[in-house]
Amino acid sequence: MFEDLPRLGAGLGYRTPLHEQTMAAADEIDFLEIISDQYLYAAPDKLDRLLALRDRFTLIPHGVGLSIGTDVIPGADYLSRLASLVERTGAPWFSDHLSFTKVPETNVDQLTPLWFTEETLRVVCRNVKTVTERVDAPFLLENITYYAELPGAEMTEAEFITRVLEETGTGLLLDVNNVWVNSVNLGFDPYEFLDSIPLERTVQIHIAGGKEIGGMLVDTHSEPVSEEVWGLLDHVLRRAPVKAVLLEWDQGWPEFGEILAHLSRSREMMAGAAAGENAA
Ligand SMILES: [Fe+2]
């Protein structure tokens with residue numbers, strides 16, 4: 001289903017404070033992921049600046065506002081703007097999170113975990129169908145972090161992800177840092193988690209670094225990628241036809257050379273996994 005998508009390599013989440021360094025190092029960045037919601041209602045000059053990036057990079061729109069788990073059909077205006085952005089960027093795919101960010105009439109401004117129930121599953125599947133009917137590109141959903149298990153769940157997160165992927169035909173944007181963070185905070189084996197979901201549906205991977213705050217590991221996107229997360233990345237690369245690995249770094253930026261070193265390590269791991277080399 002996703003075999004024909006292009007293999008993009010190792011990319012970076014586009015952040016405007018890093019614009020100059022990003023452009024200067026364009027030869028070492030294989031693609032950029034942009035936050036869709038920052039451009040859906042943007043002034044024309046902001047959109048023009050974004051579209052100018054297409055001259056150097058493949059752009060992947062990544063959303064935070066679709067709220068796929070809210071029991072309301074995604075809005076027609078939002079979807080037509082998203083469809084236009086996906087078309088104008090020429091993106092090979094687009095993505096959002098397996099979460100909710102709003103309840104009817106109210107934006108909660110936070111990626112909020114879903115209740116893993118049959119009812120939520122029906123809502124997600126219905127909303128995905130609406131999205132994929134309106135936006136003409138493959139759609140990926142990303143696993144999020146959460147810091148407590150919701151009581152009354154009817155299935156595990158892994159079972160929920162599996163059902164969503166199987167029943168909707170979407171691809172997986174697998175955030176291996178989110179898997180690591182959840183495994184530490186909630187006490188499960190991240191490798192067992194990975195081996196219990198349909199890894200073959202992974203099109204793109206997110207890597208990032210978090211830190212401990214108040215006794216919890218938090219996905220702050222402010223630290224170097226940990227060796228544990230590199231290990232999970234390698235595990236997935238050896239089992240899934242991954243097209244792209246994306247570094248998310250949102251604050252506390254290091255020297256740009258360290259960011260580029262992360263991309264280069266990702267690229268080497270992709271190549272090593274493709275060649276069937278033993279893990280380093
Ligand atoms: Fe992510």
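Working carefully through the options 92, 74, find the one that is away from the ligand (no atom under 16 Å from the Cβ), modelled with pLDDT of 95 or more and part of a loop (DSSP other than H, G, I, E, B).
That would be 92, the only listed residue that is away from the ligand (no atom under 16 Å from the Cβ), modelled with pLDDT of 95 or more and part of a loop (DSSP other than H, G, I, E, B).
Considering only strands (runs of 3 or more DSSP E) fully contained in the range 117-224, which possess at least 2 residues that are within 16 Å of the ligand (Cβ to nearest atom)?
It comes to 139-142, 171-175, 202-207, 216-218.
Within the range 1-24, can you find the residues that are in a loop (DSSP other than H, G, I, E, B) and either in contact with a Pro (Cβ under 7 Å, 6 or more places away or on another chain) or of a type in the set (D, E, K, R) (or both)?
2, 3, 4, 5, 6, 7, 15
Conditions (1) under 16 Å from residue 99 (Cβ atoms); (2) at pLDDT below 95; (3) not aromatic (Phe, Trp, Tyr), marked per residue:
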| position | (1), (2), (3) |
| --- | --- |
| 161 | yes, no, yes |
| 174 | yes, no, yes |
| 180 | no, no, no |
| 189 | no, no, yes |
| 194 | no, no, yes |
| 198 | no, no, yes |
| 201 | no, no, yes |
| 215 | no, yes, yes |
| 225 | no, no, yes |
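Scan the range 1-23 residue by residue and report those that are in contact (Cβ under 8 Å) with a residue 24 or more places away in the chain and more than 21 Å from residue 205 (Cβ to Cβ).
Selection gives 17, 21, 23.
In the range 147-161, which residues are in contact with a helix residue (DSSP H, G or I) (Cβ under 8 Å, 6 or more places away or on another chain) and in contact (Cβ under 8 Å) with a residue 40 or more places away in the chain?
Listed by number, the residues that qualify are 147, 157, 160.
Return the residues of the range 198-227 that are out of contact with any Asp or Glu (no Cβ under 9 Å at 6 or more places or on another chain) and β-branched (Val, Ile, Thr); say none if nothing qualifies.
202, 203, 213, 225
Do we have any residue at all in the range 82-92 that's more than 24 Å from residue 201 (Cα to Cα), surrounded by fewer than 17 Cβ atoms within 10 Å (Cβ to Cβ) and among the polar types (S, T, N, Q)?
Yes: one or more hits.
Looking at the range 143-183, which of its residues are closer than 24 Å to residue 227 by Cα and within 13 Å of the chain's Cα centre (by Cα)?
143, 144, 145, 172, 173, 174, 175, 176, 177, 178, 179, listed by residue number.
Out of 232, 247, which single residue is in contact with a strand residue (DSSP E or B) (Cβ under 6 Å, 6 or more places away or on another chain) and crowded, with 21+ Cβ neighbours inside 10 Å?
Sole residue among the options that is in contact with a strand residue (DSSP E or B) (Cβ under 6 Å, 6 or more places away or on another chain) and crowded, with 21+ Cβ neighbours inside 10 Å: 247.
Just to be sure I understand the filter: pairs with C-beta atoms under 7 Å, separated by 6 or more residues or on different chains, first member in the range 173-188 and in contact (Cβ under 8 Å) with a residue 12 or more places away in the chain and more than 24 Å from residue 8 (Cα to Cα), second member within 15 Å of the ligand (Cβ to nearest atom) and assigned to a strand (DSSP E or B). Which pairs pass?
Note: pairs meeting the criteria are 181/217; 184/217; 185/217.
Among the charged types (D, E, K, R), touching a helix residue (DSSP H, G or I) at 6+ places or on another chain (Cβ under 7 Å) and surrounded by 14 or more Cβ atoms within 10 Å (Cβ to Cβ), is that true of residue 71?
Taking the combined requirement at face value, the residue satisfies it.
Filter the range 101-112 down to residues that are within 16 Å of the ligand (Cβ to nearest atom) and not hydroxyl-bearing (Ser, Thr, Tyr) and give me whichever is farthest from residue 159 (Cα to Cα).
So, considering only residues that are within 16 Å of the ligand (Cβ to nearest atom) and not hydroxyl-bearing (Ser, Thr, Tyr), the one farthest from residue 159 (Cα to Cα) is 110.
Looking only at the range 244-265, which residues are of a type in the set (D, E, K, R) and either at pLDDT below 95 or within 16 Å of the ligand (Cβ to nearest atom) (or both)?
Result: 248, 250.
Do we find a residue being at pLDDT below 90 and among the aromatic types (Phe, Trp, Tyr) anywhere in the range 12-26?
no
Considering only residues that are closer than 17 Å to residue 231 by Cβ and assigned to a loop (DSSP other than H, G, I, E, B), which ones fall in the range 248-280?
Across the range 248-280, the qualifying residues are 277, 278, 279, 280.
The values are calculated or read from the model by the stated rules, or taken from the named source; none is laboratory data. The model shown is predicted, which means the values in this text are computed figures rather than measured ones. Neighbour counts run over all protein chains shown; Cβ positions are idealised from the backbone, glycine included.
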